[in-house]
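Enquirer: Handing you this structure, nothing more for now.
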Amino acid sequence: MGIYGLGIIAACMFAGCYLGNLLGAALGLNSDVGGVGFAMVIFILLQVYLQKSGKSLHPKTEGGIQFISALYIPVVVAMSMNQDVYSALASGLIPLIAGLVAVIIPLCLIPVLKKLAKD
């Protein structure tokens, strides 16, 4: 039954990537534009539909979905981080400076937020 949860997510992913490729082609790009986002929206709409129709998934099927959910965020963050670092290094100094500023400013604001939290 757990494999059904993986199958549902895989079907949503295929549909999302297809829509992302269609959007990329419509924009004149040779890549997937928002395929994972489309997949997430399709999956959420599917869950909302099942809840409103009074149907529910088998607990083992939900276990398969939770398994992928636990893996999804770390994998996507790692993949996007690699792409962002490569793009920043290939683009020159400005993206690197912008990234450093975006990290350093919040780090400097931690003591301020800590004082505000005590009040």
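The values are calculated or read from the model by the stated rules, or taken from the named source; none is laboratory data. Source: prediction; values computed, not measured. Cβ atoms come from the backbone with ideal geometry, glycine included; neighbour counts cover every protein chain shown.
Residues are listed down the side, and each one gets a yes or a no for (1) among the β-branched types (V, I, T); (2) surrounded by 10 or more Cβ atoms within 10 Å (Cβ to Cβ); (3) modelled with pLDDT of 85 or more; (4) in contact with a strand residue (DSSP E or B) (Cβ under 7 Å, 6 or more places away or on another chain):
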{"position": "A26", "(1), (2), (3), (4)": "no, no, yes, no"}
{"position": "G37", "(1), (2), (3), (4)": "no, yes, no, no"}
{"position": "V48", "(1), (2), (3), (4)": "yes, yes, no, no"}
{"position": "S53", "(1), (2), (3), (4)": "no, no, yes, no"}
{"position": "S69", "(1), (2), (3), (4)": "no, yes, no, no"}
{"position": "V76", "(1), (2), (3), (4)": "yes, yes, no, no"}
{"position": "Y86", "(1), (2), (3), (4)": "no, yes, no, no"}
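Enquirer: Does I44 satisfy the criteria of being surrounded by 11 or more Cβ atoms within 10 Å (Cβ to Cβ), touching a Leu at 6+ places or on another chain (Cβ under 8 Å) and modelled with pLDDT under 85?
Expert: It is false that I44 is surrounded by 11 or more Cβ atoms within 10 Å (Cβ to Cβ), touching a Leu at 6+ places or on another chain (Cβ under 8 Å) and modelled with pLDDT under 85.
Enquirer: Take the residues of segment 1-14 that are surrounded by 16 or more Cβ atoms within 10 Å (Cβ to Cβ) and within 16 Å of the chain's Cα centre (by Cα): which is modelled with the lowest pLDDT?
Expert: I9
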